[in-house]
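Chemist: Have a look at this one before I ask anything.
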Amino acid sequence: MDADDFRSVRAAVRELIRGSVLPREEQIEDDDAIPAELRAQAAEMGLFGYALPEGHGGLGVTMSEDVQLAFEFGYTTPAFRSLFGTNNGIAGQVIAKFGTEEQQQKYLPRMAAGELIGSFALTEAEAGSDPAGLRTSARRDGDGWVINGGKRYITNAPLADLFVVFARSDPAQTGGRGISSFVVEATTPGVSVGPHDKKMGQSGAWTAEVFFDDVRVGPDALIGEEGRGYAKALTVLSRGRLHIAALCVGMAQRVLDESVAYAASAKQGGAPIGRFQLVQGMLADMYAELLAGRSMVLDVAARYDTGEDTSVGPSSAKLFCTEMVGRAVDRAVQVHGGLGYLRTTAVERFYRDARLFRLYEGTSEVQRLIIGGGLLRAAGMRKDPPAPHPSHARGGALQEGR
Ligand SMILES: Cc1cc2nc3c(=O)[nH]c(=O)nc-3n(C[C@H](O)[C@H](O)[C@H](O)COP(=O)(O)OP(=O)(O)OC[C@H]3O[C@@H](n4cnc5c(N)ncnc54)[C@H](O)[C@@H]3O)c2cc1C
């Protein structure tokens, strides 16, 4: 896509977000669902596949372009982006980067068109921050596989047509080694999805448990090389982190705009509260941190595109921007006073929505471990021993994934 085409795409996305999604935010919150007409509009604009390769029906955006779209998506309820987030991100990228030509042809064009929803199934009950400890198994059966296990908190699972599933295919290996990834269609016998989870925020974005009970798949379900699934998970999660950082910048812009508008009009003692310098101070802090986050995301995305840094930079951006938006939503509620605590106020909703960003695709603690570990490895420090975490003892890279 050339620069003019991308500018048109970004302008169209802005118009959709601000003109069509934003006015329906309360409806999405109350119904806990994205209206069918918004899903259709997103599909028509190519939003289910903007980051998938052009050769397979996507728009093939670069990371620098991806984050600019995410700035726009972040301006409204994150549930809207979540609907097509797994197709473009964690699930779609595994197939696009590591799938066979046959898998790519079978799934990617229909995912890009919004006809199929893909989910990324990695997290388990005792394998979240340390997914290398996963217990789902994939046992050889003839030339195919039998998958058994359970996953939790899987985004879009109740809507999913296919799952990118991570399972241990070599029980003799521990940690990150011996994990393979598979594409499993949701209609395969033995696949079941639990009721969708009741969450703190992000109404309209659904997660659920997924169970695999003697699920038989053919050899064509294996994605890429046997036993190399964990490395694939890490690769796509790193890209996803930068995308999440950009969403946070979009949300911080939105709550700042809400707060400035409120401060300029709401009155105390006959004067707008924006006349109070302590209120101006909150707006100033929000703005300064927003600018820092946006600059950081753009810089890290440019270095991601050149291949200069695909790990420490994305984790740093996720760490800073997810924590930055947490402070922004908190200040936004404060600027709104009691009104900020009432349901139906946008900033109250964003306050709850923002909390997830510090948890998924790697908690803040996990990002700090990746950044610190990366810096020390670059300085020549050996990864082992001593092992500060049991996952190291098992020989797996500690949570450089989720
Ligand atoms: C709404 C939602 C959507 C999600 N979507 C998906 C999805 O689509 N696919 C998917 O596979 N997963 C998904 N997840 C899972 C998510 O990535 C995990 O919840 C997250 O990685 C944290 O894992 P955990 O919940 O097991 O917490 P834990 O790993 O148990 O963490 C608990 C606490 O311990 C800390 N901790 C853990 N290990 C360390 C350590 N070594 N050092 C320091 N502190 C540590 C954590 O930082 C955290 O504070 C989703 C989760 C949610 C809530």
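The values are calculated or read from the model by the stated rules, or taken from the named source; none is laboratory data. Please read all numbers here as calculations on a predicted model, not as lab measurements. Because the Cβ atoms are built from the backbone with ideal geometry, glycine has one as well, and the counts that use them run over all protein chains shown. SASA here: full protein model, heavy atoms, side chains in, ligands and nucleic acids out. Shrake-Rupley method; radii C 1.70, N 1.55, O 1.52, S 1.80 Å.
Chemist: Classify the chain: rounded, prolate or oblate, from the alpha-carbon gyration tensor (a ≥ b ≥ c, eigenvalue square roots; a/c under 1.5 rounded; otherwise prolate if a/b is larger than b/c)? Before the final figure, lay out the partial values.
Modeler: Values: a/c = 1.83, a/b = 1.51, b/c = 1.21.
Prolate is the answer for the chain, as a/c is 1.5 or above and a/b outweighs b/c.
Chemist: Using a 1.4 Å probe, how large is the accessible area of Val325, given in Å² and rounded to the nearest 10?
Modeler: Number for this one is 0 Å².
Chemist: Still on this model: Which value, in debye to the nearest 20, gives the size of the charge dipole of the range 192-244 about its Cα centre, when Lys and Arg are +1 and Asp and Glu are -1 at the Cβ? Each step should come with its number before you reach the end.
Modeler: Numbers: 7 positive and 7 negative charges, 83 e Å.
I would put it at about 400 debye.
Chemist: Any chance you could run the full-extension gain for Ala284 through Arg343? It's 0.36 nm times the residue separation minus the Cα-Cα distance, nm to one decimal.
Modeler: Working: separation 59, 0.36 × 59 = 21.24 nm, distance 2.56 nm.
Between Ala284 and Arg343, full extension yields an extra 18.7 nm.
Chemist: Turning to a different aspect of this structure: Any chance you could give the angle, 0 to 90 degrees and rounded to 10, that helix 78-88 forms with the longest Cα principal axis of the chain?
Modeler: The answer is roughly 30 degrees.
Chemist: Arg382 versus Thr306, label points 7 Å from Cα toward the beta carbon: distance in nm?
Modeler: 3.4 nm
Chemist: Follow-up. Which of the three applies to the range 122-176, rounded, prolate or oblate, going by the alpha-carbon gyration tensor with a ≥ b ≥ c and a/c under 1.5 meaning rounded?
Modeler: oblate
Chemist: So how tilted is helix 63-73 from the main axis of the chain? Cα-based, degrees 0 to 90, rounded to 10.
Modeler: Here the helix axis deviates by roughly 50 degrees.
Chemist: For Ile34, Ile223, give me the order by solvent-accessible area with a 1.4 Å probe, most accessible first, ignoring ligands, DNA and RNA. Present the calculation step by step, with values, prior to reporting the outcome.
Modeler: On the way: Ile34 30, Ile223 0 Å².
So the residues, ranked largest to smallest area, are Ile34, Ile223.
Chemist: Cα gyration tensor of the range 1-131, axes a ≥ b ≥ c as square roots of the eigenvalues: rounded (a/c below 1.5), prolate (a/b > b/c) or oblate?
Modeler: Details: a/c = 1.69, a/b = 1.15, b/c = 1.47.
Oblate.
Chemist: For the chain, what does the relative contact order come out to in percent, with C-alpha contacts under 8 Å and a separation of six or more? Working shown, then result.
Modeler: Values: 770 pairs, mean separation 68.6, N = 402.
Relative contact order of the chain: 17 percent.
Chemist: Anything over 22 Å Cα to Cα? Flag those among Lys106/Lys151; Lys151/Lys198; Lys232/Lys318; Lys198/Lys232; Lys97/Lys198; Lys232/Lys383, in the order listed. Please list the in-between numbers first.
Modeler: Values: Lys106/Lys151 25 Å; Lys151/Lys198 16 Å; Lys232/Lys318 19 Å; Lys198/Lys232 30 Å; Lys97/Lys198 33 Å; Lys232/Lys383 20 Å.
Long pairs (Cα-Cα over 22 Å): Lys106/Lys151; Lys198/Lys232; Lys97/Lys198.
Chemist: What are the ³J(HN,Hα) values, in whole Hz, obtained from phi via the Karplus relation 6.51 cos²θ - 1.76 cosθ + 1.60 with θ = phi - 60°, for each residue of the range 210-218 in sequence order, with x given for Gly and Pro?
Modeler: For the range 210-218, the Karplus curve yields 10, 10, 10, 10, 6, 7, 8, 10, x Hz.
Chemist: For the peptides 265-277, 68-80, 369-381, 105-117, what is the packing order when you average, over each peptide's residues, the other Cβ atoms within 10 Å and list the highest mean first? Don't jump to the answer; show the numbers that get you there.
Modeler: Working: 265-277: 12.0, 68-80: 24.3, 369-381: 13.6, 105-117: 20.6.
Ranking, from highest mean packing down: 68-80, 105-117, 369-381, 265-277.
Chemist: May I pose another question? Work out, step by step, the length gained on full extension between Phe276 and Asp197: first 0.36 nm times the residue separation, then minus their alpha carbon distance; give nm to one decimal. Could you put the intermediate results ahead of the total?
Modeler: Numbers: separation 79, 0.36 × 79 = 28.44 nm, distance 4.22 nm.
Once the chain is fully extended between Phe276 and Asp197, it gains 24.2 nm.
Chemist: Let me ask something additional. Say we join alpha carbon atoms closer than 10 Å with springs in a Gaussian network model of the chain; which of Glu308, Glu124, Glu323 then has the biggest fluctuation?
Modeler: Answer for the Gaussian network model of the chain: Glu308.
Chemist: Expressed as a whole number of Å, what is the distance separating the alpha-carbon centroids of the range 108-142 and the range 29-102?
Modeler: 18 Å
Chemist: At 1.4 Å probe size, put Ser181, Ser64, Ser311, Ser295 in order of accessible surface, largest to smallest. Spell out each step's value before the answer.
Modeler: Details: Ser181 0, Ser64 30, Ser311 55, Ser295 75 Å².
Per-residue accessible area, sorted high to low, gives Ser295, Ser311, Ser64, Ser181.
Chemist: Another one. Just the number please: accessible area per residue for the chain, 1.4 Å probe, all protein chains included, in Å². Don't jump to the answer; show the numbers that get you there.
Modeler: Values: 17030 Å² over 402 residues.
Per-residue value: 42 Å².
Chemist: Moving on. If you rank Asp130, Asp353 by how much accessible surface each has, with a 1.4 Å probe, what is the order from largest down? Provide the component values of the computation, followed by the final result.
Modeler: Numbers: Asp130 20, Asp353 0 Å².
Reading off the accessible areas and sorting them downward yields Asp130, Asp353.
Chemist: For the range 177-215 and the range 284-329, compute the distance between their C-alpha centroids and round to whole Å.
Modeler: 30 Å
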